[in-house]
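Asks: Right, I'll just put the structure down here and ask away after.
The values are calculated or read from the model by the stated rules, or taken from the named source; none is laboratory data. Everything quoted here is computed from the prediction, not taken from an experiment. Glycine gets a Cβ as well: all are built from the backbone with ideal geometry, and neighbour counts include every protein chain shown.
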Amino acid sequence: MSEPHDRILLVEGRDDAEVVKQFCNHHGIDNRRLFRIEVKNGIEALLDDLRVRPQTHVRVLGAIVDADTDPELRWRQLGDVMRRSGYELPQRPSPSGTYLPAPNVFLPRIGLWMMPDNRVEGMLEDFLLRLTHDGDRLVTRAGKTVDDIPAEDRRFNPVHRSKATMYTWLAWQADPGTPLGQAITKRYLDPSRDPAPAFRDWLLALFTPAPTP
Amino acid sequence: MLESLRITGFRAFSDLAVERLGRVTLVVGKNNVGKTTLLEAVHLHASGPYALSAARRILERRDEYLVTEPDDADKVELERLFHRTNGTRSDVARISDTAGAHALELFTNWAWWEGEVPRERRQGEAPPDGVNAQRQLIARKHNRSGRGWQDVWVELQDPGGAFYRPKQDGSLSSLLPSSGLRAEGIDIADLWDDVVLTDRERTVVEALSIIEPDLERIVMVKAGRSHRTAMAKVKGRTPLPLRSLGDGMNRLLEVALGLVTVGEGGTFLVDEIDAGLHFTTLVDVWRLVFETAARLDVQVIATTHGWDCIEAFQQAALNHPSNGVLVRLQRAGDEFGSATFADEELAIITRESIEVR
């Protein structure tokens with residue numbers, strides 16, 4: 001069966017798409033049957049897309065965005081673009097992922113997930129760092145290694161600390177250089193740890209078709 | 001130029017609003033979402049004093065003009081112009097902008113004479129017994145000034161059941177159906193006579209050059225048939241029938257001729273503009289439509305269900321200063337809705353490869 005054209009999940013980049021696919025695979029979710037992933041080139045492109053996409057033929061629309069350094073700002077930006085189509089966002093995101101009902105018969109149901117957990121600042125890599133196994137000493141060490149780099153030698157934006165940590169940690173696994181998504185398949189990460197179950201439930205509740213009456 | 005559109009009580013539309021129309025507007029959507037009906041409504045609106053003959057053509061075009069029972073002649077035809085909800089038909093079909101201005105209204109009534117005095121009754125009430133009442137279809141349009149109604153155009157049915165048909169010449173609206181102009185009883189050669197030896201002839205030849213870059217001239221010749229046909233002179237070749245240059249040639253000729261002959265300030269409506277056109281020509285076709293529409297002050301509204309045509313439209317719209325609007329029609333049961341995309345949103349759709357169908 002081909003991927004549905006009217007149930008779409010927008011993500012900020014290839015890594016996000018890969019993680020979602022491997023995550024679904026791990027949980028036995030047939031993502032290719034439930035929704036089609038569309039990779040945008042960053043948050044600005046994703047916000048632009050969200051501004052017009054509800055006005056198209058899509059029936060269910062999901063979006064995964066990074067909270068980055070200012071979750072409140074990101075939420076306001078989402079509210080601004082969604083208002084164009086007549087959606088009103090709640091004051092703040094629901095910790096279990098936000099659902100917006102369709103304002104009329106022509107508009108889709110919408111789901112929003114703000115990485116890592118709809119509460120705090122951060123991004124996809126913060127979500128993944130929380131899935132590392134209990135007592136994984138390499139996580140602490142990777143974080144410390146990154147933090148120990150003198151400021152003048154640091155080439156990455158402070159916003160990307162978790163990203164630097166995540167890739168440092170990945171470099172030290174049995175198969176160094178494993179891509180983010182495959183860290184789940186190779187069981188370096190444990191997708192049953194928080195906030196993964198909430199994320200899984202959000203995806204399923206959003207995209208599982210309602211039983212026909 | 002109509003900047004927005006609201007249609008109530010007309011055919012399939014109980015109430016449809018389109019927030020924005022452009023200099024050039026492309027209407028898209030699945031089958032049966034009312035694309036053609038939207039064109040028909042705008043055509044009526046833009047036809048002004050010719051609205052009633054335009055209405056009649058709409059019914060003829062859809063084969064809804066044919067009647068079997070002479071007594072029902074008026075009912076069968078006229079009723080089809082009006083929207084029906086649960087068996088009840090709307091009293092008035094209304095076409096205006098979203099603010100309700102520039103409205104055209106269609107309604108029917110009964111008219112009869114009492115001696116020298118004309119009498120009439122609105123639709124829904126039967127005429128009194130014993131009078132020889134006739135059914136009328138009436139179109140009236142709001143004054144430009146916005147004060148009251150001007151011109152009531154009455155089209156009476158003659159006793160034989162045929163409509164009086166006012167001359168079509170002078171209407172500032174023309175509708176090109178997907179089946180082409182010949183099916184409309186319009187001779188392309190007559191339109192050609194209007195443009196030959198003018199700047200507009202050059203525009204038409206330029207349009208056809210999209211398909212045949214070496215085209216030099218078009219001539220209409222009578223070659224032993226009842227009507228004249230288009231012959232083309234292509235560089236380095238003997239004259240040959242235009243038709244032989246490919247399927248798209250006739251369509252393109254009709255699109256270009258329609259566009260340049262509708263008149264300044266007029267409205268040109270094209271159903272399935274890309275019918276018969278190869279997808280590689282579509283960007284150039286749209287570019288020409290944008291340029292010509294702006295130069296001749298014509299408003300163009302076209303439909304398509306082809307994705308290539310939509311993409312080509314977006315590309316041409318983004319590269320032309322006059323505003324292009326993409327309208328998506330949608331339907332849920334008996335309810336119709338629309339979404340409009342212009343300016344920055346049109347750019348987003350193109351940039352992000354968002355499918356609007």
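Asks: If you take just the strands (runs of 3 or more DSSP E) that sit entirely in the range B:264-337, which of them hold at least 3 residues that are within 14 Å of chain A (Cβ to nearest Cβ)?
Replies: Strands (runs of 3 or more DSSP E) meeting the threshold: B:324-332.
Asks: May I pose another question? In the range A:119-142, what residues are more than 30 Å from residue A:100 (Cβ to Cβ) and in a loop (DSSP other than H, G, I, E, B)?
Replies: A:133, A:134, A:135, A:136
Asks: Residue A:117 - would you say it is within 18 Å of the chain's Cα centre (by Cα), free of Cβ contacts under 8 Å to residues at least 40 places away in the same chain and crowded, with 20+ Cβ neighbours inside 10 Å?
Replies: It is false that residue A:117 is within 18 Å of the chain's Cα centre (by Cα), free of Cβ contacts under 8 Å to residues at least 40 places away in the same chain and crowded, with 20+ Cβ neighbours inside 10 Å.
Asks: Follow-up. Taking the range B:215-262, which residues are assigned to a loop (DSSP other than H, G, I, E, B), modelled with pLDDT under 90 and more than 17 Å from residue B:185 (Cα to Cα)?
Replies: Hits for the range B:215-262 are B:222, B:223, B:224, B:246.
Asks: Return yes or no: is residue A:82 surrounded by 14 or more Cβ atoms within 10 Å (Cβ to Cβ) and touching a residue at least 40 places away in the same chain (Cβ under 8 Å)?
Replies: In short, no.
Asks: Hey, another quick one. Out of A:88, A:38, which single residue is of a type outside the set (S, T, N, Q), out of contact with any Pro (no Cβ under 8 Å at 6 or more places or on another chain) and surrounded by 15 or more Cβ atoms within 10 Å (Cβ to Cβ)?
Replies: Unique residue meeting the criteria: A:38.
Asks: Take residue A:159 and tell me if it is assigned to a loop (DSSP other than H, G, I, E, B), among the β-branched types (Val, Ile, Thr), at negative phi and in contact with an Asp or Glu (Cβ under 8 Å, 6 or more places away or on another chain).
Replies: no
Asks: When you scan the range A:182-201, how many residues do you find that are closer than 16 Å to residue A:133 by Cα and in contact (Cβ under 8 Å) with a residue 40 or more places away in the chain?
Replies: Qualifying residue count, the range A:182-201: 12.
Asks: Among the residues of the range B:339-351, count how many are in contact (Cβ under 8 Å) with a residue 60 or more places away in the chain and facing chain A (nearest Cβ under 9 Å).
Replies: Residues flagged as in contact (Cβ under 8 Å) with a residue 60 or more places away in the chain and facing chain A (nearest Cβ under 9 Å) within the range B:339-351 amount to 1.
Asks: Also: Outside any helix (DSSP H, G or I), within 14 Å of chain A (Cβ to nearest Cβ), without any contact (Cβ under 8 Å) to a residue 60 or more places away in the chain and of a type in the set (Val, Ile, Thr): does that describe residue B:354?
Replies: yes
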